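The values are calculated or read from the model by the stated rules, or taken from the named source; none is laboratory data. The shown structure was predicted, so the numbers you read here are calculated from the model rather than taken from an experiment. For neighbour counting, all protein chains shown are included, and Cβ atoms are generated from backbone atoms with ideal geometry for every residue, glycine included. With ligands, DNA and RNA removed, areas are computed over all heavy atoms of the protein, side chains included. Shrake-Rupley method; radii C 1.70, N 1.55, O 1.52, S 1.80 Å.
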Amino acid sequence: MTAFDRTIKIAPSILASDFANFGAEIEAVEAQGCDWIHVDVMDGHFVPNITFGPETCKAIRPHIKTVMDVHLMIAPVDPYIDAFAAAGADIITAHVEAGPHIHRTLQAIRATGAKAGLALNPGTPASAAAPLLDLVDLICVMTVNPGFGGQKFIHSQIETVKTLRSMIGDRPIHIEIDGGVDPTTAPLVAAVGADVLVAGSAVFKGGSVKNPEPYGQNISAIRAAAS
Ligand code: DX5
Ligand code: ZN
């Protein structure tokens, strides 16, 4: 990963891509100018949907030239941290709601050498992150209830982002927004301090591996709206 900066980064979620073609989809969005690749891991227990696990992460890793940003929507988290780190995750994000020992989880993530992310569901206040600021490299603010792509952006989360941004101060912590990001909602969160914008549907709509230009247009439209 490159040095810390707060410029806008667009992170397409492969949840909205062709599941039979992850390698080519990743190469297409990277060629079309995205900054990170967001990988949504769901267990059918913490969230009501199932995607894939560490073996898939390992298989797609060689196709990622930018940053592999792994969002774990699983509980428990701790038994699987080493497997996701070994799969090559640059960032591993765990939910504060996923268990009683988030402090230990974040320490365990950093101990692998990966960057540690903390995700907050829409029902969780910004203050939940306060005791953890020295243990995190990224805070992911969920702007939908996790589990599915294509949901509507929850506007009350803008206030959460604002609070987090002032709590973070000068610390090198990214604020990532996940859910319902498009050219209309991106500027609302960028204006209050978010720098990583995850987008699934809004990046992959209208394009394909054989016709990747819409991916580039979608990425540019989100970036332009947020910048
Ligand atoms: C939701 C996932 C998101 C999702 C975003 O549980 O964490 O990353 O893919 O999808 P869109 O951009 O379609 O809202
Ligand atoms: Zn996600």
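So if I check each of 29, 41, 47, which one is in a strand (DSSP E or B) and modelled with pLDDT of 95 or more? Give the steps one after another, and end with the answer.
Values: 29 fails: in a strand (DSSP E or B); 47 fails: in a strand (DSSP E or B).
Within the list 29, 41, 47, the selection yields 41.
Given the conditions (1) more than 10 Å from ligand 1 (Cβ to nearest atom); (2) in contact (Cβ under 8 Å) with a residue 60 or more places away in the chain; (3) not charged (D, E, K, R), and given that residue 73 satisfies all but one, which numbered condition is not satisfied?
It is condition (1) that residue 73 fails.
Does region 90-97 contain at least one residue that is out of contact with any Asp or Glu (no Cβ under 8 Å at 6 or more places or on another chain), at pLDDT 95 or above and more than 16 Å from ligand 2 (Cβ to nearest atom)? Steps first, please.
Looking only at region 90-97, we keep the residues that are out of contact with any Asp or Glu (no Cβ under 8 Å at 6 or more places or on another chain), and these are 92, 94-97.
Restricting the remaining residues to those that are at pLDDT 95 or above gives 92, 94-97.
Within this subset, residues satisfying the condition of being more than 16 Å from ligand 2 (Cβ to nearest atom) are none.
No, because not a single residue in region 90-97 is out of contact with any Asp or Glu (no Cβ under 8 Å at 6 or more places or on another chain), at pLDDT 95 or above and more than 16 Å from ligand 2 (Cβ to nearest atom).
Checking residue 52 against (1) without any contact (Cβ under 8 Å) to a residue 60 or more places away in the chain; (2) assigned to a helix (DSSP H, G or I); (3) open to solvent by less than 30 Å² (accessible area, probe 1.4 Å); (4) under 24 Å from residue 144 (Cα atoms), which test does it fail?
(2)
Identify, please: which residue in region 161-207 is within 16 Å of ligand 2 (Cβ to nearest atom) and among the polar types (S, T, N, Q) and is, among those, farthest from residue 133 (Cα to Cα)? If you could, list the steps in order and put the result at the bottom.
First, the residues of region 161-207 that are within 16 Å of ligand 2 (Cβ to nearest atom): 161, 174-182, 185-186, 189, 194-204.
Adding the requirement that they be among the polar types (S, T, N, Q) leaves 185, 201.
Numbers: 185: 26, 201: 31 Å.
Ranking the candidates gives 201 first.
Can you find a residue that is under 19 Å from residue 226 (Cβ atoms) and within 14 Å of ligand 2 (Cβ to nearest atom) anywhere in region 15-29?
Scanning region 15-29 turns up at least one residue that is under 19 Å from residue 226 (Cβ atoms) and within 14 Å of ligand 2 (Cβ to nearest atom).
Is it the case, given these coordinates, that residue 163 is within 15 Å of residue 126 (Cβ to Cβ) and open to solvent by 50 Å² or more (accessible area, probe 1.4 Å)?
Yes; evaluated as a whole, the condition is true for this residue.
State which residue pairs qualify: first residue under 10 Å from residue 209 (Cβ atoms) and open to solvent by less than 80 Å² (accessible area, probe 1.4 Å) and inside region 1-24, second residue within 15 Å of ligand 1 (Cβ to nearest atom) and not in a loop (DSSP other than H, G, I, E, B) in any location, beta carbons under 6 Å apart, and separation of 6 or more residues or different chains.
Note: pairs meeting the criteria are 17/25; 17/204; 18/25.
I'd like to verify a number: residues in region 116-143 that are within 25 Å of residue 62 (Cβ to Cβ) and either of a type in the set (Gly, Ala, Ser) or surrounded by fewer than 19 Cβ atoms within 10 Å (Cβ to Cβ) (or both), how many?
Selection size over region 116-143: 2.
Which residue out of 124, 93, 51, 66 is of a type in the set (Ser, Thr, Tyr) and more than 15 Å from ligand 1 (Cβ to nearest atom)? Spell out how you get there, then give the answer.
On the way: 124 fails: more than 15 Å from ligand 1 (Cβ to nearest atom); 93 fails: more than 15 Å from ligand 1 (Cβ to nearest atom); 51 fails: more than 15 Å from ligand 1 (Cβ to nearest atom).
Selected residue: 66, the only one of 124, 93, 51, 66 that is of a type in the set (Ser, Thr, Tyr) and more than 15 Å from ligand 1 (Cβ to nearest atom).
Which numbered condition in (1) open to solvent by less than 10 Å² (accessible area, probe 1.4 Å); (2) part of a helix (DSSP H, G or I) is the only one that residue 71 fails?
All conditions pass for residue 71, except number (2).
Given the conditions (1) crowded, with 21+ Cβ neighbours inside 10 Å; (2) of a type in the set (Ser, Thr, Tyr); (3) within 12 Å of ligand 2 (Cβ to nearest atom), which single one is not true for residue 105?
Failing condition for residue 105: (3).
Select from region 40-67 the residues that are of a type outside the set (Phe, Trp, Tyr) and either in contact with a Pro (Cβ under 8 Å, 6 or more places away or on another chain) or within 13 Å of ligand 2 (Cβ to nearest atom) (or both) and list them in ascending order. Show your work before the answer.
Initial filter on region 40-67 (of a type outside the set (Phe, Trp, Tyr)): 40-45, 47-51, 53-67.
Once the filter is applied, which keeps residues that are of a type outside the set (Phe, Trp, Tyr) and either in contact with a Pro (Cβ under 8 Å, 6 or more places away or on another chain) or within 13 Å of ligand 2 (Cβ to nearest atom) (or both), region 40-67 yields 40, 41, 42, 47, 49, 51.
Please give the strands (runs of 3 or more DSSP E) falling wholly within region 124-227 in which 2 or more residues are touching a Leu at 6+ places or on another chain (Cβ under 8 Å) and within 27 Å of residue 108 (Cα to Cα).
Where strands (runs of 3 or more DSSP E) fall fully within region 124-227 and carry at least 2 residues being touching a Leu at 6+ places or on another chain (Cβ under 8 Å) and within 27 Å of residue 108 (Cα to Cα), they are 138-142, 174-178.
Please tell me if residue 60 is in a helix (DSSP H, G or I) and in contact (Cβ under 8 Å) with a residue 40 or more places away in the chain.
In short, yes.
Quick one: residue 179 ticks every box in (1) touching a strand residue (DSSP E or B) at 6+ places or on another chain (Cβ under 7 Å); (2) more than 10 Å from ligand 1 (Cβ to nearest atom) except a single one, so which number is it?
The single condition residue 179 does not satisfy is (2).
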